[in-house]
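One structure is given below, encoded as structure tokens.
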Amino acid sequence: MSVNNHTSRKKNIHNITKIAVLTAISAIIMLFEFPLWFAPGFYKLDLSEAVILMGGFAMGPVAAAVIELLKNLINILLNGTSTAYIGEFANFITGCAFVVPASLIYTFMKNRKGALLALGVGTLSLAAVGGLLNYFVLVPAFSKFYNMPLDTIIGMGTAVNPLVTDLKTLVVFAVAPFNLVKGILCAAVNLLLYKRVSKILHI
């Protein structure tokens, strides 16, 4: 075996190990979720993407997407699903919308300015993709699978946020702000902790 092949194999093993560890941590953090006061209770926020961002910053966007996928699969195995897999699908897609572009930008701009740009773009991407996905796919699917009239879902939003009167305002005044808050919180955690753990992630 050549030196290059040995080095490459060793790096792959290290990356697989780091992905496994970060997946486990993010899956645990995903268990600690909480609602926000301006969105219906079935929207629950967790900070697992903060951990996945660290993996993406250290190993790139592909690693971030893999961790995001594995995290949701573990969550399904541990807890099953109460949303006919709609919630897990949404978590994976919106999570990738956040961590993949952020990780990609940071790959080419590994400095504080690059990190801020990456996290800003990732947060806006999360809000945009989350809003579109809810409007066109998730809320209609939730309504169909649970045989729940759309007006009932809208009413759940109106009960906690009087600005919500239809599907559009549910997205604008509940879903988008929810994802912005999630993005900002995860970005803040990443900024506070990444440099402290980056030496470990780059072993």
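For this structure, a couple of remarks:
- Of the chymotrypsin sites (Phe, Trp or Tyr not before Pro) found in segment 59-123, the ones in coil according to DSSP and having at most 15 other Cβ atoms within 10 Å of their Cβ are TYR85.
- The chymotrypsin sites (Phe, Trp or Tyr not before Pro) of segment 20-84 meeting both criteria, a DSSP state outside H, G, I, E and B (loop) and at most 15 other C-beta atoms within 10 angstrom of the site's C-beta, are PHE32, TRP37, PHE42.
- Length gained on full extension, VAL137 to TRP37, computed as 0.36 nm times the residue gap minus the Cα-Cα distance: 33.7 nm.
- Where only C-alpha atoms are counted, convex hull volume of segment 1-87 per residue in Å³: 106
- Whole-number percent relative contact order across the chain, with pairs defined as alpha carbons under 8 Å at least 6 apart: 23
- Relative to the Cα centre, the charge distribution of the chain, modelled as +1 at Lys and Arg Cβ and -1 at Asp and Glu Cβ, gives a dipole magnitude of about 1040 debye.
- Correct option for Cα extents along the principal axes in Å [calculated from the coordinates] among [x] 48, 42, 33; [y] 75, 43, 31; [z] 64, 37, 25: [z]
- As a calculated quantity, the FRET efficiency between LEU124 and LYS144 at R0 = 30 Å, using C-beta atoms, amounts to about 0.55.
Each reported figure results from applying straightforward, stated rules to the coordinates on display, with no laboratory input. Predicted, not measured: the structure shown is a model, and the values here were computed from it. With ideal geometry, Cβ positions are generated from the backbone for all residues, glycine too; neighbour counts draw on all protein chains shown.
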